[in-house]
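Everything below concerns the one structure shown next.
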Amino acid sequence: MKIRIATATLIMLIAWTTIAVLAAPQAKAPSDPKMIDAQGFQKMLQEHRGKALLVNFWATWCEPCRDEYPMLNELAKQYAPKGLQVVGISMDDDGDLILMRRFLARYKPIFPNYRKTAGAEAAFRESVLPGWTGSMPVSIFYAKDGRQVGHFYGEQSREKYEEAIRGLLAGGAGESSPGK
């Protein structure tokens, strides 16, 4: 008799566990960033027209990019209420996809990220920022009217970013505009 009760209890426990697992909402895995090429980049710029925009190009293999990224996320949180939009574009190759996913999961950016489509590297860079040789990180600032008003090559301090962002939000180019 005790064996039957124990067996019935075990069966009920398994059934309840199965039902609980199936009924519980499943956490959706974050999706990979959308792929972007030169044409997609221009379309993305058009979609952000009318807003002050900071576009940051980064990769998981770039140590200065990894160091700068959390600060950019903080700046995006701080200046979003004032009208700043931030977009990240990963330059990682397909072989770095798992690292990129882990990186984004770790830092949980509040801004959208894209991943550059493989191939045509030089043409992509030239269409984004003429003269860009591929060094990273690179941040490009766009005024509300869509004009590119400045850029940073390499890792920069929070103070430099804040100065550039304040100038951008104040109306674009000016003394606090980032380097050209």
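Numerical summary
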| read-out | value |
| --- | --- |
| Among (1) over 20 Å from residue 152 (Cα atoms); (2) surrounded by 20 or more Cβ atoms within 10 Å (Cβ to Cβ); (3) of a type in the set (Val, Ile, Thr), the one test that residue 87 misses | (1) |
| Qualifying strands (runs of 3 or more DSSP E) (wholly inside region 36-154; at least 1 residues being in contact with a Gly (Cβ under 7 Å, 6 or more places away or on another chain) and within 20 Å of residue 169 (Cβ to Cβ)) | 52-58, 138-142, 148-153 |
| Hey, residue 128 modelled with pLDDT under 95 and hydrophobic (A, V, I, L, M, F, W, C) or not | yes |
| Count - residues of region 112-144 that are surrounded by 13 or more Cβ atoms within 10 Å (Cβ to Cβ) and either among the aromatic types (Phe, Trp, Tyr) or at positive phi (or both) | 6 |
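The values are calculated or read from the model by the stated rules, or taken from the named source; none is laboratory data. All values derive from a computational prediction rather than experimental measurement. When we count neighbours, we look across all protein chains shown, and the Cβ atoms used for this are built from the backbone with ideal geometry, even at glycine.
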